[in-house]
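Reading through the structure tokens given below for one structure.
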Amino acid sequence: MKRSFSFFGIISLVVVVIILIMTCFAVLTYLNSRNDLNLTRMAADTLSDYYKAEKNAYEKLEKLSGLIEEGDKELSENGYTAVYKEGGLYIRFTADINDTREISCEVLVIDQRICEITSWKTVLK
């Protein structure tokens with residue numbers, strides 16, 4: 001007696017393999033999206049910290065305008081460093097961004113007023 005060949009077993013096997021492949025792609029897509037979200041949050045937090053530090057640095061720069069007339073002692077007590085170089089008085093200060101980075105600023109002072117910001121950069125502590 002001759003048996004007829006049935007394709008139902010092969011079709012079922014192909015369907016199971018296709019479902020497993022689609023499940024693997026779904027899991028990989030989910031993990032990739034979750035990692036992208038975490039990276040985006042870290043970038044947003046870093047940028048937010050930088051803007052807060054920049055605001056703090058501008059406030060220190062504004063405060064510096066009032067302290068210049070009071071002398072070097074007042075400057076050092078408020079976290080500023082005065083250095084005399086050729087060309088005038090340079091005052092340095094920093095604003096913390098986080099535990100590892102800070103904004104480092106240097107301004108040139110001539111005739112008791114701020115003439116130029118000579119350096120404004122992000123540096124490692």
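The values are calculated or read from the model by the stated rules, or taken from the named source; none is laboratory data. Here the structure is a predicted model, which is why all the values come from computation and not from measurement. So basically every Cβ, Gly included, is an ideal-geometry build from the backbone, and we count neighbours across all protein chains shown.
Okay, residues lined up against (1) of a type in the set (Gly, Ala, Ser); (2) touching a helix residue (DSSP H, G or I) at 6+ places or on another chain (Cβ under 9 Å); (3) at pLDDT below 95:
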{"position": "7", "(1), (2), (3)": "no, no, yes"}
{"position": "15", "(1), (2), (3)": "no, no, yes"}
{"position": "18", "(1), (2), (3)": "no, no, no"}
{"position": "33", "(1), (2), (3)": "yes, no, no"}
In segment 82-100, how many residues are in contact with a helix residue (DSSP H, G or I) (Cβ under 8 Å, 6 or more places away or on another chain) and more than 16 Å from residue 59 (Cα to Cα)?
-> 2
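Are any residues in segment 96-125 among the aliphatic types (A, V, I, L, M) and not in a loop (DSSP other than H, G, I, E, B), and if so, which ones?
Residues of segment 96-125 that are among the aliphatic types (A, V, I, L, M), as a first pass: 97, 103, 107-110, 114, 117, 123-124.
Those that are among the aliphatic types (A, V, I, L, M) and not in a loop (DSSP other than H, G, I, E, B): 103, 107, 108, 109, 110, 114, 117, 123, 124.
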Say whether the condition of being in a strand (DSSP E or B) and either among the aliphatic types (A, V, I, L, M) or under 17 Å from residue 119 (Cα atoms) (or both) is met by at least one residue in segment 15-36.
-> no
Restricted to segment 26-41 and to residues being of a type outside the set (A, V, I, L, M, F, W, C) and within 18 Å of the chain's Cα centre (by Cα), the residue nearest to residue 78 (Cα to Cα) is 41
Residue in segment 42-86 that is nearest to the chain's Cα centre (by Cα), counting only those that are aromatic (Phe, Trp, Tyr) and over 15 Å from residue 107 (Cα atoms) = 50
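For segment 72-90, give me each residue that is in a strand (DSSP E or B) and exposed (fewer than 11 other Cβ atoms within 10 Å of the Cβ). Even if it seems obvious, please write down each step before you answer.
Just the residues of segment 72-90 that are in a strand (DSSP E or B), to begin with: 81-85, 88-90.
83, 84, 85 - these are the residues of segment 72-90 that are in a strand (DSSP E or B) and exposed (fewer than 11 other Cβ atoms within 10 Å of the Cβ).
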Checklist (1) β-branched (Val, Ile, Thr); (2) within 30 Å of residue 97 (Cα to Cα); (3) free of Cβ contacts under 8 Å to residues at least 24 places away in the same chain applied to residue 29, failing item = (2)
Among (1) assigned to a strand (DSSP E or B); (2) out of contact with any strand residue (DSSP E or B) (no Cβ under 9 Å at 6 or more places or on another chain); (3) not hydroxyl-bearing (Ser, Thr, Tyr), where does residue 93 come up short?
-> (2)
